[in-house]
Amino acid sequence: MQLSEESKRKGVETRLKNQTAWFLLHDTRNYCGLTKKDYEDWLAENPIKYTREIHAPLKYGAENEDVYNKWRKRVADIMTAGFIENMKYSKIDYWLMITGSVEIDGNRYQIKPKVVKSEGEVIHIGATGKETRYFKKPSIYKAVCYCLSGKTVNNFIMQYNAGKFHLHVFHDKGINMFEISRLRPSRYDRFDKVDVMTQGYSESYCNSLTMKIKKCEIDFFD
């Protein structure tokens, strides 16, 4: 029996409500944590004769470990791409604020807080007259892409903790650390015409501008 989309959504919401205030959303390190057990399960479901593109190195004398790591990289890339892609359909599309710091060769620098705005809901009427509603580049998708925009990003960790998203972004010169919070609607008019705050606001002041993102709103991960 196949579950309906509504049943799946309610299942995810129930699971999130039962989570603690902190939980991991995605971690790309070590091939997204894929193990030998995952590989063995995959082989059981996908005989080698049907997956020659992954096992082709065996023809050239490659070690089994190399083949295993090639499989892990390929699947981890697919998992990460799917994680980011799912954000394009998220309902977390209210205004968000990004704060944090970047590391360059052992030195850490605070970034200017950035406000990421919603682009609004899009209503599409198909040829049959069926109405489809979705969000055009939801703010959570735009915010995460902004945090991952460095040219030398190698890995990242995304967590939810006490109403905020935390991203640790690993690159060639260090680790960038970002927080994504929900901007209070009452503060929208303050940033109506600017995307980046150029003033040197303190961390405590920035916190006063934001409110919690509810964990039951998270709808972009499995």
*Would you be able to say whether some residue in the stretch 112-123 is surrounded by fewer than 14 Cβ atoms within 10 Å (Cβ to Cβ) and at pLDDT 85 or above?*
yes
*Among (1) surrounded by fewer than 16 Cβ atoms within 10 Å (Cβ to Cβ); (2) modelled with pLDDT under 90, where does Ser101 come up short?*
(2)
_Residues that are modelled with pLDDT of 75 or more and among the aromatic types (Phe, Trp, Tyr): does the stretch 133-151 have at least one?_
yes
*The one condition in (1) within 11 Å of the chain's Cα centre (by Cα); (2) farther than 20 Å from Met87 by Cα; (3) of a type in the set (D, E, K, R) that Lys142 fails to fulfil*: (2)
_I want to confirm something. Restricting to the stretch 182-202 and keeping residues that are modelled with pLDDT of 70 or more and surrounded by 10 or more Cβ atoms within 10 Å (Cβ to Cβ), which single residue is nearest to His166 (Cα to Cα)?_
Arg182
*Please go through the stretch 204-215 and pick out each residue that is under 16 Å from the mean Cα position of the chain (by Cα) and outside any loop (DSSP other than H, G, I, E, B).*
Lys215
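The values are calculated or read from the model by the stated rules, or taken from the named source; none is laboratory data. Keep in mind the model is a prediction, meaning the values are calculated, not measured. Cβ: placed from backbone, ideal geometry, glycine included. Neighbour counts: every protein chain shown.
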